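All remarks here apply to the structure that follows.
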Amino acid sequence: MRQTEKIFRQHDVAPDVTSSMLYRQLCQDWVWTQARPTATASLQRWVRAEPLFDGLSRPADVVDAIDAGDYPRKDALLLALLRLVQASDPLASQTLLHAMLPGLAGLAARTAPKLPAGEPDRAESARQLVVEEFLEAAAAYPLLRRRQRVASNLLFETIKRVTNYVRQSVPTPFDPDWFSTDVPAETDLDTRRMAHAPSDADAPSLVDGIDPDADLLTVLTWSVSEGVITTADAQMLADVYLPATTAGWGFDAVAQTRGLSRGAVKMRCSRAAAKLTSAIRAEDRSA
């Protein structure tokens with residue numbers, strides 16, 4: 001188990017998190033929540049709206065069930081939480097956030113070096129930013145359209161929101177501090193800066209290159225931030241190659257949800273994958 005998972009999966013005794021006041025507070029609040037007499041009553045109330053939670057006695061059980069479930073169960077539990085979140089249930093928001101904190105912590109660590117140098121504590125500012133943008137993404141999550149790979153979709157939407165924030169916060173190209181950065185340029189093909197502002201190509205990336213051990217989500221994030229493929233194509237690749245089922249890829253599901261033929265989805269994925277392959281090889285040669 002990774003260190004972040006150890007930190008955020010201690011439900012009964014708050015871990016000694018010395019590196020982050022935010023994470024320390026979140027973990028302490030989480031442990032306190034499990035011990036509240038109303039925790040069981042809250043789960044019973046959830047069951048009336050979401051029968052999937054039947055048999056779970058406290059929020060920690062929901063997080064453990066998400067961790068232990070196969071893809072369909074993970075998706076179902078996350079969607080149930082999201083419905084409660086969008087019904088303004090604060091405990092559901094806390095539970096969803098805690099379930100996603102290991103991945104969000106990784107995103108925050110990658111984001112910190114990209115924040116303006118004037119930030120008094122860029123690491124803590126990045127953590128706060130990622131948590132806030134994640135909660136915004138959860139509140140706006142399209143429950144009817146995106147019913148599979150929910151965790152990946154939430155993280156991907158958070159990445160896009162954080163990227164937009166970073167792009168708007170970086171100094172202009174004429175600032176001397178700008179030229180001291182050694183990060184790749186970002187091109188978000190779905191968003192355009194306002195007239196006379198620095199172009200998309202002047203903003204920093206949230207992923208400093210890739211390595212052979214990078215997972216698909218990291219590669220897709222890198223590819224979007226480098227302008228290799230569009231956000232839409234990256235989302236399609238994630239939908240196809242991070243399938244919610246254990247048998248085969250997600251071509252049929254993507255074709256059905258997007259109103260395309262299976263052949264059209266395969267062709268679009270093939271073209272995007274070819275662009276990715278060429279870009280990765282070029283990255284390897286320049287490393």
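The values are calculated or read from the model by the stated rules, or taken from the named source; none is laboratory data. Nothing here was measured: the structure is a model prediction, and the numbers come from that model. Here the Cβ is made from the backbone with ideal geometry for all residues, glycine too, and neighbour counts use every protein chain on show.
Inspect region 49-56 for any residue being under 21 Å from the mean Cα position of the chain (by Cα) and not hydrophobic (A, V, I, L, M, F, W, C) and give the result as yes or no.
No, there is no match, as no residue in region 49-56 is under 21 Å from the mean Cα position of the chain (by Cα) and not hydrophobic (A, V, I, L, M, F, W, C).
When Asp61 is evaluated against the numbered criteria (1) modelled with pLDDT under 95; (2) farther than 25 Å from Glu124 by Cα, which criterion, by number, is the only one it fails?
(1)
What number of residues within region 20-38 are without any contact (Cβ under 8 Å) to a residue 24 or more places away in the chain and closer than 20 Å to Leu101 by Cβ?
Final tally of qualifying residues: 8.
For residues that are surrounded by fewer than 16 Cβ atoms within 10 Å (Cβ to Cβ) and of a type in the set (S, T, N, Q), tally how many sit in region 20-33.
Count: 2.
Considering each of Leu56, Leu77 in turn, give the residue that is more than 21 Å from Leu155 (Cα to Cα) and either basic (Lys, Arg) or in contact with a helix residue (DSSP H, G or I) (Cβ under 9 Å, 6 or more places away or on another chain) (or both).
Within the list Leu56, Leu77, the selection yields Leu56.
Can you tell me which of Ala139, Ala109, Ala123 is assigned by the TED database to the domain that holds Tyr23 and touching a residue at least 60 places away in the same chain (Cβ under 8 Å)?
Only one candidate passes the filter, namely Ala123.
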